[in-house]
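This report refers to the structure that appears directly beneath it.
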Amino acid sequence: MNTWNGDVINDIQFSITNHCNAACPQCHRTDTNGLGTVDWLPVFSWSLDEFKTYLPIKELQKMKIINFCGTWGDPMMAKNIYEICEYIIKNSHCSIIIDTNGSMRSEEFWWNFGVMCGNRLTVNFAVDGCTQNMHEKYRRKTSLNKVLKNMEILSSTKAIAKVITIVFKHNENYLDKIKKMCLNYGAEDIQFIESNRFENDKFYFTNESGKKEWLERLSANGRSLVKSL
């Protein structure tokens with residue numbers, strides 16, 4: 001959502017790619033039959049020149065916050081995400097917010113990225129469990145250890161690391177443990193969000209091996225835990 005204040009845009013969201021390394025069952029881009037990418041999704045990733053076309057310096061300087069969201073893909077999978085953010089940092093005073101699963105790129109990249117953007121960058125990492133099995137129950141094809149290490153590296157710079165955890169029945173009793181773990185790896189804040197992508201109490205899908213699985217909506221007790229943390 002864009003918020004206007006005269007000639008200043010307080011907040012604008014961009015979806016600059018629909019590439020993603022994960023296969024989250026409830027994601028709009030995921031085929032629930034095998035967890036591949038849905039076949040109707042066009043593949044794109046903005047280059048730096050394309051971003052400059054959409055947001056030339058004159059318009060860029062009107063922005064306060066640019067949010068790279070991950071509705072159809074992960075912004076950190078965009079080939080030119082570093083160059084795009086560098087263009088923003090060098091030619092404006094606006095802040096950058098990125099939502100990502102965080103399980104990609106090297107530790108060197110995350111360090112350089114954080115140093116370049118400084119405290120004008122906030123990255124919301126996805127952490128959905130305190131063990132790999134718990135995390136990948138939803139955040140398929142991602143490494144919890146890699147997410148945590150990348151977050152730790154970024155938090156060692158002036159950039160701000162935060163966490164968003166999607167809560168289901170399978171992780172609802174571990175939220176305090178997830179929170180403590182994330183804080184130990186440099187997160188400044190953690191937000192627990194109940195999945196709203198249920199039509200019934202269970203969400204069925206066929207996994208990568210052709211077996212039926214399901215996710216369960218968090219319980220009333222879990223909902224109380226979310227509110228208390």
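The values are calculated or read from the model by the stated rules, or taken from the named source; none is laboratory data. Here the structure is a predicted model, which means the values were calculated and not measured. Ideal geometry is used to build each Cβ from the backbone, glycine not excepted, and the neighbour counts take in all protein chains shown. Quick note on the areas: whole protein, heavy atoms, side chains included, nothing else; ligands and nucleic acids left out. Shrake-Rupley method; radii C 1.70, N 1.55, O 1.52, S 1.80 Å.
A compact table of results
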| read-out | value |
| --- | --- |
| Flag for residue 91 being over 16 Å from the mean Cα position of the chain (by Cα), closer than 25 Å to residue 188 by Cα, open to solvent by 40 Å² or more (accessible area, probe 1.4 Å) and at pLDDT 95 or above | no |
| Selected residue (criterion: farthest from residue 196 (Cα to Cα)) from residues of region 75-88 that are in contact with a strand residue (DSSP E or B) (Cβ under 6 Å, 6 or more places away or on another chain) and open to solvent by 50 Å² or more (accessible area, probe 1.4 Å) | 79 |
| Flag if residue 39 is in contact (Cβ under 8 Å) with a residue 60 or more places away in the chain, open to solvent by 40 Å² or more (accessible area, probe 1.4 Å) and either closer than 30 Å to residue 138 by Cβ or part of a loop (DSSP other than H, G, I, E, B) (or both) | no |
| Condition met for residue 66 (in a helix (DSSP H, G or I), open to solvent by less than 30 Å² (accessible area, probe 1.4 Å) and farther than 30 Å from residue 202 by Cβ) | no |
| Filter result for residue 158 (within 20 Å of residue 98 (Cα to Cα) and open to solvent by 70 Å² or more (accessible area, probe 1.4 Å)) | yes |
| Residue 177 being under 15 Å from the mean Cα position of the chain (by Cα) and open to solvent by 60 Å² or more (accessible area, probe 1.4 Å) | no |
| Selection from region 42-63 of residues that are assigned to a helix (DSSP H, G or I), buried (at least 16 other Cβ atoms within 10 Å of the Cβ) and among the aromatic types (Phe, Trp, Tyr) | 51 |
| Pick from region 127-141, criterion closer than 21 Å to residue 29 by Cβ and open to solvent by 10 Å² or more (accessible area, probe 1.4 Å), ranking: farthest from the chain's Cα centre (by Cα) | 137 |
| Single residue of 72, 111 found to be closer than 27 Å to residue 172 by Cα, of a type in the set (Phe, Trp, Tyr) and surrounded by fewer than 21 Cβ atoms within 10 Å (Cβ to Cβ) | 72 |
